[in-house]
Amino acid sequence: MSLKTSNLAFKVRVDNQIQNEMMRKAVVKAQETIGANRLKMVNELGNWEEWRDLAKQIRNHVLANLDAYLYQLSEKVHQNGGHVYFAETAEEATAYIRKVALEKQAKKIVKSKSMVTEEIGLNEVLEKEGMKVVETDLGEYLLQIVGDKPSHIVVPAIHKDRYKIRQELHEQLGYNGSETPEEMTAFIRQVIRKDFLEADIGISGCNFAVAETGSVCLVTNEGNLRLATTVPKTHIAVMGMERLAPTFQEVDVLITMLARSAVGAKLTAYNTWLTGPRLDGETDGPEEFHLVIVDNGRSKILESEFKEVLRCIRCGACLNTCPAYRQIGGHGYGSIYPGPIGSVISPLLGGYEEFKELPYACSLCTACNSVCPVKIPLAQLILKHREHIAQSGMTPAAERLSIFGFNFANSHPTLWKVGMKVGAKVAAKFIKNGKAPIQVGALAEWTKARDLPTPEGESFREWFEKRGKN
Ligand code: SF4
């Protein structure tokens, strides 16, 4: 499982990220630009709320009938001449792909951007076999050459500015041009072109599979995917098992929502449909086509109280509006799924042991709820995680003890009354200049950036009683 992007502790990651001025500037700029474009496109479409309702309905319908649609999809892919493999775990998925690659004696593999292949740790498995795996999405490529991890589900290299990218291109590939995006892109294009022509296998993700026709729909803005899916003789598409739509009609709605929510565009530059391998008489396309359908914990989510998260179409709009993501970037979360969607899905796919802090990387402002095109109640699901974490005793002992104390006092009126009275007097004596006298634990953290108000020495009840008398 390669969900994890860092071995550092959550607090260390967050501290590092907050010090990373380049990342924070780049994320703010991207959030503002994409956010403004998204709003323009949403308004232009009109009836956005009705579109959201429709998209939610479609995704709910798919989830309610997932078994039937998966069966229909696999039958169609077979009829089209392709192969289908259902992988229950990440290990099963990578083992199947590894087997196909070994059978083909693949030396070079070109990939287009795919979060599910990141999730299952595919590159590492293939590289262990001595195969060269080349990421051909521009952002992913920039990360791959320096061994970095994506920090956004749509814009993987969002945490870097053009100067940093130029420097890394110079160090890794001897690039001597300027830091203009056009020049750097043209340079990379030349380098990768050779990889496309030499590749034995192309691997892609899948934005939506169409059950009725057995097609795989992929949306991109760079055109790399078209080369990755048509030049190599073998193509392997990897999809999360919930990424389905019944027919092209529903895909039409979902793609409309996806492009507008993800990058603030009417449509992505390239919309590609793969329907099995190349047929007799056709001039392009792979000779062999494999569809790997990955469960990896999704069935469990489907039967849990978190199932609404499976409506996600990975548009990234929740990341682009999140104030916590704005400060700590994707790497602060330590998961390939960061931001609000990551705070919900990472603990579900990777377990609380690894990701129990993520539901707390949230101010519960609910901005994510209001932009999600499929109306996932992200903030409520984050709260549900906190509930589970607290109930299973994973929160720090000091926190549990103080909540227990608060609960006890709060349910004993006399104790509460006396406590407030004495507490107000004692606190008034000891809290000075916005700081508690003893700087420990959560209190110390809390007052690092905030003033602790000094009480007047009178409890609210005392004040209220006096007010009544007056
Ligand atoms: S949760 Fe909603 S907003 Fe976030 S990535 Fe998924 S579909 Fe987009």
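Starting from residues that are over 20 Å from the mean Cα position of the chain (by Cα), within 21 Å of Leu258 (Cβ to Cβ) and in a strand (DSSP E or B), keep the ones in the range 271-313 and report whichever is modelled with the highest pLDDT.
Selected residue: Leu291.
Just the residues that are under 24 Å from Leu197 (Cβ atoms) and buried (at least 23 other Cβ atoms within 10 Å of the Cβ), please, taken from the range 226-283.
Ala228, Thr229, Pro232, His235, Ile236, Ala237, Val238, Leu274, Gly276
Looking at the range 364-395, which of its residues are away from the ligand (no atom under 16 Å from the Cβ) and in contact (Cβ under 8 Å) with a residue 40 or more places away in the chain? Please lay out each step first, then the result.
Keep residues of the range 364-395 that are away from the ligand (no atom under 16 Å from the Cβ), which gives 386-395.
Passing the criteria: Ser392, Met394.
Consider only pairs whose beta carbons are under 7 Å apart and that are at least six residues apart or on different chains; among these, list those whose first residue lies in the range 314-327 and is under 17 Å from Ser346 (Cα atoms) and within 9 Å of the ligand (Cβ to nearest atom) and whose second residue is assigned to a helix (DSSP H, G or I) and among the aromatic types (Phe, Trp, Tyr).
Listed pairs, sorted by first residue: Leu319/Tyr325.
Which of the residues belonging to the range 328-347 are away from the ligand (no atom under 13 Å from the Cβ) and under 22 Å from Met394 (Cα atoms)?
Gly332, Tyr333, Gly334, Ser335, Pro347
Condition first: at pLDDT 95 or above and buried (at least 23 other Cβ atoms within 10 Å of the Cβ). Can you find one or more residues in the range 177-200 that meet it?
Checked against the condition, which is being at pLDDT 95 or above and buried (at least 23 other Cβ atoms within 10 Å of the Cβ), the range 177-200 yields at least one hit.
When the residues of the range 5-30 are filtered to those that are touching a residue at least 40 places away in the same chain (Cβ under 8 Å) and not in a helix (DSSP H, G or I), which remaining residue is farthest from Tyr360 (Cα to Cα)?
So the residue we want is Asn20.
Asp252 is checked against (1) without any contact (Cβ under 8 Å) to a residue 60 or more places away in the chain; (2) assigned to a helix (DSSP H, G or I); (3) within 30 Å of Asn80 (Cβ to Cβ); (4) within 15 Å of the ligand (Cβ to nearest atom) and fails just one. What number does that condition carry?
(4)
Considering each of Val100, Val27 in turn, give the residue that is in the same structural domain as Asn221 (by the TED database), over 22 Å from Asp252 (Cα atoms), in contact with a Gly (Cβ under 9 Å, 6 or more places away or on another chain) and aliphatic (A, V, I, L, M).
Going through Val100, Val27 in turn, just one is in the same structural domain as Asn221 (by the TED database), over 22 Å from Asp252 (Cα atoms), in contact with a Gly (Cβ under 9 Å, 6 or more places away or on another chain) and aliphatic (A, V, I, L, M): Val27.
Under 7 Å between Cβ atoms, which residue pairs at least 6 apart in sequence (or on different chains) link something in the range 36-48 that is loosely packed, with under 15 Cβ neighbours inside 10 Å with a partner that is charged (D, E, K, R)?
Going by the 7 Å Cβ cut-off, the qualifying pairs are Leu45/Arg260.
Could you grab me the full set of residues in the range 430-470 that are touching a residue at least 24 places away in the same chain (Cβ under 8 Å) and either surrounded by fewer than 12 Cβ atoms within 10 Å (Cβ to Cβ) or acidic (Asp, Glu) (or both)?
Once the filter is applied, which keeps residues that are touching a residue at least 24 places away in the same chain (Cβ under 8 Å) and either surrounded by fewer than 12 Cβ atoms within 10 Å (Cβ to Cβ) or acidic (Asp, Glu) (or both), the range 430-470 yields Ala442, Glu456, Glu458, Phe460, Glu462.
Helices (runs of 4 or more DSSP H) wholly in the range 318-420 with at least 2 residues that are under 30 Å from Leu39 (Cβ atoms) and touching a strand residue (DSSP E or B) at 6+ places or on another chain (Cβ under 7 Å) - which ones?
339-350
Within the range 258-270, take every residue that is over 19 Å from the mean Cα position of the chain (by Cα) and of a type outside the set (Ser, Thr, Tyr) and give me the one that is nearest to the ligand (Cβ to nearest atom).
Ala265
Being under 12 Å from Met241 (Cβ atoms) and surrounded by fewer than 17 Cβ atoms within 10 Å (Cβ to Cβ) is the filter here, so list the residues in the range 74-88 that pass it.
Those that are under 12 Å from Met241 (Cβ atoms) and surrounded by fewer than 17 Cβ atoms within 10 Å (Cβ to Cβ): Phe86, Glu88.
Can you name the number of the only condition in (1) touching a Gly at 6+ places or on another chain (Cβ under 6 Å); (2) within 15 Å of the ligand (Cβ to nearest atom); (3) more than 15 Å from Pro377 (Cβ to Cβ) that Val294 fails?
With (1) touching a Gly at 6+ places or on another chain (Cβ under 6 Å); (2) within 15 Å of the ligand (Cβ to nearest atom); (3) more than 15 Å from Pro377 (Cβ to Cβ) applied to Val294, the lone miss is (2).
The values are calculated or read from the model by the stated rules, or taken from the named source; none is laboratory data. Quick caveat, the model's predicted, so the values are computed rather than measured. We place every Cβ from the backbone using ideal geometry, glycine too, and count neighbours over all the protein chains shown.
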